[in-house]
Amino acid sequence: MQHAPVQSLGEFLRASRARLEPSDVGLPAGTGTRRVRGLRREEVAVLAGVSADYYVRLEQGRERHPSPQVVGALGGALRLDVDARMHLYRLAGLSPVTEAGGLRDQVHPDLLRLLDAFPDAAAYVLGPAFDVLAANVIAGALLEPFGGQTSMPRILFTHPRAREVFPDWRLVAGATVYALRLNAARFSDVPEIDALVQELLETSAQFRVLWEDQKAGALTRAFKVFVHPGAGRIELTYESFDVRAAPGQELLVGSAEPGSRSAQALSYLASVAAPRR
């Protein structure tokens, strides 16, 4: 089965207006039954200050080069957050695309050094397609139930133990898909992202639903729960860090509340997973 390209300005606009109701943007609901979910095209056009015909051409892909002013107005009309607005600019070809570079599978030395700076936390380096490129001892132990699989999207959508290890699977899966969509626009020189998306569109109905939702957002501060077979339930707060010298690679660090049962579980994992001398 063939799928459309993973990035489409028209699809993103349609999905964004479908998530809004007239009351969300200060418009009267009107009378009668709406045939489609969300805002009408004409309503978005009015809010953005463009003609209805021009907006229709944007959604249908007949107009591919909107001005920065029009894209900014559309972002405001559709109530997009910062990440989604930047994604909209990229889809319109108006935001510089970051190049991940040829050595994207080689972890930047600065990130490798940082891994060892978090002995009491789970720290790992992700590539632009969210492969785990490197991990400290604790992070490696947390991922041990997945038997060496390093692709986080594949783990979440194809591994049989994913929902067991991630009890908040829906939240984790959604955040991962939305961040993957953002990276697909940011790093157009990384064919692995498109290949991964097409693979999961074919193999996972859950991925397909989330991907077609068209949401985009970066991996930022997040609360995540693991259920580890040897250490039990572990609650972590994650922070993500980019390195300018290594576009496309980011460091994720998950830490537990000091003195908590989760902190004790991380200490246990560090002790059992540490290399024997």
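Here are a few things to note about the model shown:
- Pairs linking a residue in the range 221-247 that is free of Cβ contacts under 8 Å to residues at least 60 places away in the same chain and more than 13 Å from residue 269 (Cα to Cα) to a residue that is aromatic (Phe, Trp, Tyr) and crowded, with 16+ Cβ neighbours inside 10 Å, with Cβ atoms under 6 Å and 6 or more positions apart or on different chains, are 222/238; 224/238.
- Of 185, 129, 122, 179, all but one fail to be over 30 Å from residue 266 (Cα atoms), surrounded by 21 or more Cβ atoms within 10 Å (Cβ to Cβ) and touching a Leu at 6+ places or on another chain (Cβ under 7 Å); the exception is 185.
- Residue within the range 257-277 that is of a type in the set (Gly, Ala, Ser), touching a helix residue (DSSP H, G or I) at 6+ places or on another chain (Cβ under 9 Å), outside the structural domain of residue 13 (by TED's automatic domain parsing) and surrounded by 20 or more Cβ atoms within 10 Å (Cβ to Cβ) present: no
- For the range 190-207, the set of residues classified as out of contact with any Pro (no Cβ under 9 Å at 6 or more places or on another chain) and within 25 Å of residue 93 (Cα to Cα) consists of 191, 195, 198, 201, listed by residue number.
- Figure legend. Inter-residue proximity from the range 155-166: first residues modelled with pLDDT of 95 or more and in a helix (DSSP H, G or I), second residues surrounded by fewer than 15 Cβ atoms within 10 Å (Cβ to Cβ) and of a type outside the set (A, V, I, L, M, F, W, C), beta-carbon distance below 8 Å, spacing 6+ or different chains. Indicated pairs: 157/203; 158/203.
- All told, residue 166 meets the bar of being under 28 Å from residue 112 (Cα atoms) and among the aromatic types (Phe, Trp, Tyr).
- Taken over the range 203-217, residues that are of a type outside the set (Phe, Trp, Tyr) and assigned to a helix (DSSP H, G or I) amount to 7.
- Unique match (being among the charged types (D, E, K, R), modelled with pLDDT under 95 and under 23 Å from residue 14 (Cα atoms)) among 212, 192: 212
The values are calculated or read from the model by the stated rules, or taken from the named source; none is laboratory data. The model shown is predicted, which means the values in this text are computed figures rather than measured ones. Glycine gets a Cβ as well: all are built from the backbone with ideal geometry, and neighbour counts include every protein chain shown.
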